[in-house]
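Written out below as structure tokens is the structure these notes cover.
The values are calculated or read from the model by the stated rules, or taken from the named source; none is laboratory data. Quick caveat: nothing in here was measured; it's all calculated off a predicted structure. Cβ: placed from backbone, ideal geometry, glycine included. Neighbour counts: every protein chain shown. In case anyone asks, the SASA skips ligands and DNA or RNA and just uses the protein heavy atoms, side chains included. Shrake-Rupley method; radii C 1.70, N 1.55, O 1.52, S 1.80 Å.
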Amino acid sequence: MKPFIAIIVGTEESDWASIKQQFRVIKNAGGIPGVFLPEGDPGDIVNIADGIVLTDGPDVHPYFYGDDPSPSIRSVDYDRDKFEIELFKLALKMEIPVLGISRGMQIMNVAMDGTLYQDIASEIPKAIKHDWDIRQTNPHQRLHGMRLKTASKVYEAIKDYLEISSTNEVFIHVNSFHHQAIKKVGEGFRPVAFSIDGITEAIEREEGFYVGVQWRPEYLPEMIGLYKALINAARENHHRRIEREKTEMQEKPSPGNEV
């Protein structure tokens, strides 16, 4: 059975092209995609999802990492932040794989007590340009280089789609549509990719599949490997869920035998 992947989008999501692209990539990778708004009880999603994708969107409110808004922060969605942070914590507790994309990676980091640069250009003077406008720039374009550790889940997922290899790091090019970035890495995560200015471009956890990337993988053909890795982890989670349910049914007293 194909695993069900919940895609979380904003209540004022206008990037429908990206949502359609997420659908296509997840289906091509072997999953069944479904879109959910960040409303209601996050527990309802973890009860049915085999895997989760946290998508791009507005800035993460600095309240959630103990900071006050800088003059350079842009739009925020407090309710969405709160929902997705709780959702990620529940997914982690229930061992549901999560792929965080751009803002999604930042949410995962903040959920684990990490912090963010509220605006790269004003806080990191020597930073390269990261905040390309996806409405004016073809998202399939490679906009800057990046060092990726080969001892990482991200590399293992995409290495068969790359024409390069190395013992320690590989240098690849990705798209880029963000003006915030990880400052302090959240507990349990490790950074595995970096742009030339030192900004963290990907994080992951040692156990399970909890991967965050700062770029937009749905538009880059080699990143199908990243989605396939998510689908494989989600399929394993689906099987674990079935086994747990079988065990619970076996342990449940039959009618008339209750003590």
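Data overview
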read-out	value
Distance cut-off 20 Å, percentage of C-alpha pairs in the range 24-109 lying past it	35 percent
1.4 Å probe accessible area per residue over the range 82-140, in Å²	44 Å²
Accessible-area ranking of TRP16, TRP215, largest first, probe 1.4 Å	TRP16, TRP215
Gaussian network model of the chain, springs between alpha carbon atoms under 10 Å - residue of LYS153, LYS126, LYS27 with greatest fluctuation	LYS126
Total charge dipole magnitude, the range 70-172, about the Cα centre, Cβ charges on Lys, Arg, Asp, Glu only, Debye to nearest 20	200 debye
Of ALA234, ALA29, ALA193, the one that fluctuates the most in a GNM where the chain has Cα springs shorter than 10 Å	ALA29
Charge-dipole axis of the chain as Lys and Arg at +1 and Asp and Glu at -1 on Cβ define it, positive-most pick from GLY31, ALA121, GLY225	GLY225
Length added when fully stretched, LYS252-LEU162, from 0.36 nm per residue minus Cα-Cα	27.4 nm
Accessible carbon and sulfur surface of the chain relative to its total accessible area, %, 1.4 Å	50 percent
Rg/Rg_globular for the chain, with Rg_globular taken as 2.2 N^0.38 Å and Rg from C-alpha atoms	1.03
Among ILE172, TRP215, PRO71 the positive-end extreme of the charge dipole of the chain (Cβ point charges)	ILE172
10 Å-binned pair-distance histogram of the range 130-181 (Cα, whole percent)	23, 44, 29, 4
Two-site label geometry, ARG74 and ASP41: point separation in nm, points 7 Å out along Cα→Cβ	3.5 nm
Sequence of MET146, MET94, MET112 from largest to smallest accessible area, 1.4 Å probe	MET94, MET112, MET146
Two-site FRET efficiency, GLN141 against ARG190, from Cβ-Cβ distance with R₀ of 30 Å, rounded to 0.05	0.55
The chain - charge dipole about Cα centre, Lys and Arg +1 at Cβ, Asp and Glu -1, debye rounded to 20	800 debye
Two-site label geometry, ILE128 and MET94: point separation in nm, points 7 Å out along Cα→Cβ	3.9 nm
The chain: calculated mean residue ellipticity at 222 nm from DSSP helix runs of at least 4, using -39500 (n - 2.57)	-9500 deg cm²/dmol
Peptides ranked, highest mean first, by Cβ atoms within 10 Å: ranges 74-82, 162-170	74-82, 162-170
Cross-link pairs beyond the 23 Å C-alpha cut-off, checked among LYS89/LYS252; LYS93/LYS149; LYS159/LYS228	LYS89/LYS252; LYS93/LYS149
Rh (Kirkwood; distinct C-alpha pairs) - the range 152-259, Å	16.7 Å
Alpha carbon convex hull of the range 91-220, projected area averaged over orientations, nm²	7.9 nm²
Dimensionless Rg ratio for the range 152-191, taking C-alpha atoms and the 2.2 N^0.38 Å reference	1.45
